[in-house]
Each structure stands twice: as structure tokens, then as C-alpha cells.
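Encoded as C-alpha cells, the structure appears first; notes follow it.
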Amino acid sequence: MPASAMPEERFDVSPLGTVTPDWAWGGANGSGIRVCLLDSGVEADHPLVGGLDGAVDVIADEDGGLKVVPTDPVDNAGHGTACASVIRSVAPAALLTSVRVLSSGKTGSGAALLTGLGWAVEQGFDVINMSLSTTRTDFRAALRDLADSAYFRRCVIVASAHNMPVHSYPWRFPSVISVASHDNPDPMTYYYNPAPPVEFYARGVRVPVAGLGGRRILTTGNSFATPHIAGICALILSKHRWLTPFQLKSVLYLAAENVAVPDGDGGARVD
Amino acid sequence: MEMEARVSTDVLESAGIPQRRLLQSIVEVARSVFGAAATSVMLVDPASGDLVFEAVAGEGERHLLGSRFPGGTGIAGWVMVSGQPLVVDDVTDNPQFARDAAESTGYVPRSIMAAPLICDGDCIGVLEILDRDSRPRSDLGDMASLGLLAIEMATVLEVIVQLRRSEAERAAAPRTGHDLSPLLQRVAERLPRADEKVGATVTRLLMMADDLLADTLADGDG
């Protein structure tokens, strides 16, 4: 949605008068927050990525199932590297881990996505970035269960909304934070959407990101809006470690560009 | 807004079958909407994971049909990873994308738009737009249009797959069907000896069966 078309969101009764962008993440750098990136892998030594805390791969096991194993921090497609660079640009001190759920970048499978997400929830990451989704309805119930488990374990899933008229998951689940794109060039500007299922709009147009081989490119798409919100979540959590996913989503709402009072002197908009 | 209609009829004529003409017309529309240097539809070969060109308009349209390149790399790989429409600008600054595109089309673009083709829950291919023109448009609007075109294309592909499947089943039917000759022979032998009323009923049933087959075959041929 163009920034110019963002609706103003009134918040007529607010006991949380001090929740402003500055309260939420002022002075924070994401330090101590573990962020997991479910994607195509990450080129760890890219200057815009600046290293990883860990890298694993979802591969076939001997019994025809799937398993998670340590791997070299590589990325054949480049999508994960681009998303990692966005998280790093917003939350430079966050600890990034790559979970490659799409080896070689083929069409992949919902099963690999489920296995990777299950591992990430089990490992207790603070934030999980999913700039991807599955359109396979047979995985919907299992994905919803995993998203609920993550929610109750203080593990925040930030997922790309689909901008095509197709049914896809997990972004539509209320237990995750769903993100689409706006065209404002400020990486820290995001908007609350009062007409779900998309909950927030973040920068997603002509985003400077890491390209494979140490390059830099400009990209557009919800895939690149999502890691902006994941990075902002890491900032908020690094400053307010006690927040539950529900509270974190509330803080995101109160500090959104179209909700918070300009200049940050009175909390949410009450006019 | 001025828009040039560019439909290269020689490609349409050589396409041969209605389904391919339909695919071709959609990539031509996509090229016209975006004023693009080229548009293409690539489908995943399930056996190899390669992407195969099914329809091309603009640069490469004369030689790309049927050619293939490895899936999972370049922007086609990005689209298949995310399942989302994407745009990459300033491609020429990125040797990987430029090389991939050049190898597949013989043309080096400045920007690439791509969207997944989702059929029955699976990403079966990619719709790609090379170098949309510089007419003032919204980037988000372009993404939305691209997504809608990809949905239309995927729907067409789904119909084509269904048609091909039913054609294959029809072709296989004579090999797997029952041999009715003995039955028909028996009916022909017994009919003259049957009671008049029973004979008339059987004859009417046979004529109805004949008419039904004639109608069905006529529909299939049409």
C-alpha cells in the first residue's frame, strides 16, 4: 500500500502513554536477541551480512524423512542472503542463524518448511523471519500448530504476506506477525493495518540488499519488508526482554507511524 | 496513457494449438502492459528441476521455446523460494543475474520482475518480465499487476494440464478397455429370436448407445 494511502489509526483510550518509537527501540541494537532466518541459506561473509551465529540445513534422512544438520553458510539462490542483510541493517548486533529449508532453491516442499520451523521453535529463537510461505493446504494444520507453539514459547514469527490472491501460510495465522510492503524509503517507518489479515506494512520497494558474491542490489517485494519488522522486533526485545509475543505486537502497534503521536511526546494517538 | 500494441503474429501462427496460442497471448499482453523488452513463461521439469520456456514474447521469442536452464538460481530461484512476486533492479550491477538472464535469453536486462505460477498448491513455474519501460507507474502497482497476470497464467496452465491428461486417458482407453466383440456378436445372434416387445426394447437401447457415442466423439473432436 502506498505510504500516502495509509489510514490514520485512532487509539481513543490508552493507559500506555509512554509507548513511543523512542521508548520501544531508542538506543537499541538487537544485542543478545537470537534471530532465525528460514530461507534459501545465507552467504555469511557478505559485508552486509557480517557473519552468522549458526547455519543448518534441512535434508533427507536415511528413512525417507527429513532432518536438520549443521551446514556451511552458503546460499545458492541469494534470497536468504538478501533478507539477512536487511535484518542486519536494522538490528546490527542481533545473533543471526540460517535455516536452509530450500536446498538448491528448487520448488522445495512444505515438509522441509515444517521441519525447519519445528527445529527453530524447539531451539527457542526470539524471532523467526519467514519471507516465504507454502500454498499447500495439506500443511496448514501442522503449520498452525507450530505457529501456536512458537507463540506460547515467546518465539515471535514474522512472516511475509502474500500479495497474490492465493491461499498461503503461515502469514494468515493470528499467532504470527504478517507483513506487506509500503513505498516509503525510510527503513524504520512502518504502518499498522486496521484491515487484516495483513497486520503491518514495512519498507518493501527498491530496498538495497546483499546480492550474492558480495554485491548490492535493489529489490522490491514483501520478502524484503518482512525482515525490516523482524529487525525492529529484535531491537524492541533487546531493550524490553520481558515482552511476550502479544505484548510485542501491541508495542509494534502503538509505535507504528500511523498510530504513534509525532515527536513521541504522549504515546499513542488519542486525537 | 499511450500504449503500443505489439503482437508478433508469426509466433502465434507457428504455435499451432489453441492452448499454446493462449499462453502466447498472455505473455504478449504482459509485455504490452509493462512495455517490456521481453516476457516469458517457464515451467519446472519435475524430473530434473530445470526451467523450460513454454512461451516467450520479445527478446528471444524466435529461439527460446523449449530451451531450458537449471532451476533454483537467479531471480527465478528467488521466486520459487519465496512463492512471491519480486523485482530486482540494477541487475547489471550483479553479474549473477545478468549472466543467468543473458544465458537464457541472449539479452542482458537492467531489471527483472518475476512471479510464481501456483497450480494446485505447487509452484510449477515462473512468469518473468525483463526491462519494463520507464513510464511513470507505481512499483507496488506493477507488483500487483504482475501477480494478477501470474494467477491468470497459472489458471490457463491448470486447464492445459487437465486437457492433456484427459487426452492421454482417451488415447489409452482402447488399450485398456474391454473387448466387446463377443458380447455384440451374441446380441446380434439372439435378437432375431427374441420376443417382439423385447426385441424392440433391445434395438432402441442399441440405437441410444450408438447416438450417445456419436455425440461424445463429435464433442471430443471439436
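The values are calculated or read from the model by the stated rules, or taken from the named source; none is laboratory data. The structure displayed is predicted, hence computed values, not measured ones. Note: ideal-geometry Cβ built from the backbone for every residue, glycine included; neighbour counts use all protein chains shown.
For the stretch A:168-183, filtered to residues that are away from chain B (no Cβ under 11 Å) and under 15 Å from residue A:221 (Cα atoms), the residue that is surrounded by the most Cβ atoms within 10 Å (Cβ to Cβ) is A:179.
Here residue A:247 passes the criteria (1) touching a strand residue (DSSP E or B) at 6+ places or on another chain (Cβ under 6 Å); (2) assigned to a helix (DSSP H, G or I); (3) surrounded by fewer than 20 Cβ atoms within 10 Å (Cβ to Cβ) except the one numbered (1). Taking (1) within 16 Å of residue A:85 (Cα to Cα); (2) more than 14 Å from the chain's Cα centre (by Cα) in turn, residue A:227 satisfies each apart from (2). Restricting attention to the stretch A:160-197, the residues being under 12 Å from residue B:84 (Cβ atoms) and assigned to a loop (DSSP other than H, G, I, E, B) number 7.
Of the residues in the stretch A:117-135, not one is acidic (Asp, Glu), assigned to a helix (DSSP H, G or I) and either closer than 12 Å to residue A:226 by Cβ or within 17 Å of the chain's Cα centre (by Cα) (or both).
Modelled with pLDDT under 95 and assigned to a helix (DSSP H, G or I) - does that describe any residue in the stretch A:204-213? Yes; the residues of the stretch A:204-213 include at least one that is modelled with pLDDT under 95 and assigned to a helix (DSSP H, G or I). Annotation note: Cβ proximity below 8 Å between a residue of the stretch A:132-157 that is at the interface with chain B (Cβ under 10 Å from one of its Cβ atoms) and farther than 20 Å from residue A:40 by Cα and a residue that is part of a helix (DSSP H, G or I) and modelled with pLDDT under 95 (sequence gap 6+ or interchain) occurs for A:138/A:110. Only a single criterion out of (1) within 11 Å of chain A (Cβ to nearest Cβ); (2) over 19 Å from residue A:204 (Cα atoms); (3) modelled with pLDDT under 90 is not satisfied by residue B:111, namely (2). Among the residues of the stretch A:191-244 satisfying the criterion of being charged (D, E, K, R) and more than 10 Å from chain B (Cβ to nearest Cβ), which is surrounded by the fewest Cβ atoms within 10 Å (Cβ to Cβ)? So, considering only residues that are charged (D, E, K, R) and more than 10 Å from chain B (Cβ to nearest Cβ), the one surrounded by the fewest Cβ atoms within 10 Å (Cβ to Cβ) is A:241.
Across the stretch A:16-27, a minimum of one residue is classified as aromatic (Phe, Trp, Tyr) and at pLDDT 95 or above.
A quick yes/no check of all residues on (1) within 23 Å of residue B:50 (Cα to Cα); (2) within 14 Å of chain A (Cβ to nearest Cβ):
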{"position": "B:130", "(1), (2)": "yes, no"}
{"position": "B:135", "(1), (2)": "no, no"}
{"position": "B:139", "(1), (2)": "no, yes"}
{"position": "B:144", "(1), (2)": "no, yes"}
{"position": "B:160", "(1), (2)": "yes, no"}
{"position": "B:165", "(1), (2)": "yes, no"}
{"position": "B:169", "(1), (2)": "no, no"}
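Summed over the stretch B:21-40, the residues that are at pLDDT 90 or above and under 20 Å from residue B:122 (Cβ atoms) give a count of 1.
Number of residues in the stretch B:64-87 that are under 16 Å from residue A:131 (Cα atoms), of a type outside the set (Gly, Ala, Ser) and touching a residue at least 12 places away in the same chain (Cβ under 8 Å) equals 8.
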